[in-house]
1. How much of the DSSP beta bridge set in the chain is antiparallel, as a percent to the nearest 5?
2. With runs of 4+ DSSP H residues as the only contributors, calculate the mean residue ellipticity of the chain at 222 nm using -39,500 (n - 2.57) per run, divided by the residue total and rounded to the nearest 500.
3. So for LYS291, LYS44, LYS70, LYS134, fewest C-beta neighbours within 10 Å to most, what's the order?
4. Got a sec? How would THR246, THR59 order by Cβ neighbour count within 10 Å, fewest to most?
5. Find the eigenvalues of the gyration tensor of the Cα atoms of the chain, then list the square roots of 5 times those eigenvalues as equivalent ellipsoid semi-axes, largest first, in whole angstrom.
6. Can you give the net charge of the other residues whose Cβ lies under 11 Å from the Cβ of ILE6, counting K and R as +1 and D and E as -1?
7. Find out how many positive minus negative residues lie around THR158, taking Lys and Arg as positive, Asp and Glu as negative, among other residues whose Cβ is under 9 Å from that of THR158.
8. GLN230 versus MET131, label points 7 Å from Cα toward the beta carbon: distance in nm?
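What follows is calculated from the coordinates using simple rules that are stated; it is not laboratory data. These numbers come from a predicted model, not from an experiment. Backbone-built Cβ (ideal geometry, glycine too); neighbour counts: all protein chains shown.
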Amino acid sequence: MTIAIIVHGGAKTITEEKVEANNKGCTAAAEAGWAVLEKGGSAKDAVEAAIRVLESDPTFNAGLGATLNKQGEVEVDAAIMDGSKLGWGAVAAVQGVRHPISVARKIMDEKPRLLVAESAERFAAKHGIEMCPKEDLVADEQEKQWEEQEKVIDRPNTVGCVALDADGNLVAGTSTGGTANQDAGRVGDTALVGCGLYADIEKGGCSTTGDGESIIPVVLAKTAIDFLAQGKHPEQAAQMAIQSLTERVVGEAGCILINPKGEIGWAHNSTEMAVAYRTSEMDKPAVFTKKEGVDPKVYASNRH
C-alpha cells in the first residue's frame, strides 16, 4: 500500500519568530491528512482534513488569519481537484465561511463549477457547511496590520495539499485569503484549475502558492504536471516549473507535487516556503521552512 501526503503553508518570508508556528501548523495538517489515509480513507477526505487544519490556524493566510482587503474584510478562495475523474470544485471572493475548502469539496461532489461571492455563500448555507459572521475571520494580527498599514512580511498567498490514497487516487487542494490590501473581489490563481492546482491520476497532483498574477499566465500547476508526464521525478518537475515561471514573469511562487508512485517534490523561488510531508516509508512527517539548496546539475539536466 503506497500512500503519501504533502502540505504547504505558502511561499513567503518566514521571520525567525514564526518558524515554530509554521512548522507546528504544517505538521498538524500533514498528520490530519495522514490519519485519514492510513485508515484507508480517500485522498479527497485527506486533502480536505489537512487544509481545514491550515484554515483554522491564524499562522496561515486561509480562513482565520487571512489577509484583509482594502475594505478591511476577509475574502477567501479555495479549490479541490480529484485526479481519478478530473472532477473539481472552487469558490472565490467568499465571506463568512470558516472552511472554504469544504465548500469547494461539496461543489465538486455535486457538479464541477466555480461559485463566487454570494452564490458560494448561499450554496454553503444550503448544504449546512459551517458559516460565521464575516468579522469572526478577522484575526487580531491582520486587523492591526491593516489599521496601521504595516508592511506585511510573513503572509503567504496560499495553503495547499496533495494526497495519494491506497486506491491510487491523487487529489490536490488549495485555499487562500489572497493578498494584503487587495481590491475587493480580486481573485488570484487559487480557484483556477491548472493555475493554483491540478490532479490527474495518470500523471500526478500539484498545489501552488505565490503571486497569483504571475502564476496564472504560466499555468503553473499544469506546467508542473506536464513535466511529470515527461517522466521527471517530482523534485525535478517542481524545480523546472518554478524555473519556467522565473524565466517568463516576475514573481514569487512555490509548488508541491506527488506522482502516481507516491514520490514527493517541492520547490520555490521565495525566501522560504513552509512544507510538511509523509510517505509510506516514513514513521512521521518531515517539516521544512525552506529548500536547503538546489543542485545546479539538476537544473542543467532538466534543460535537455
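1. On the way: 50 of 54 bridges.
Here the share of antiparallel DSSP bridges comes out near 95 percent.
2. Taking each H run of at least 4 residues, the total per residue is -10000 deg cm²/dmol.
3. LYS70, LYS134, LYS291, LYS44
4. Result, fewest neighbours first: THR246, THR59.
5. 27, 22, 18
6. With Lys, Arg at +1 and Asp, Glu at -1, the neighbours total 0.
7. Residues near THR158 contribute -2 overall.
8. Going from the GLN230 label point to the MET131 one covers 4.8 nm.
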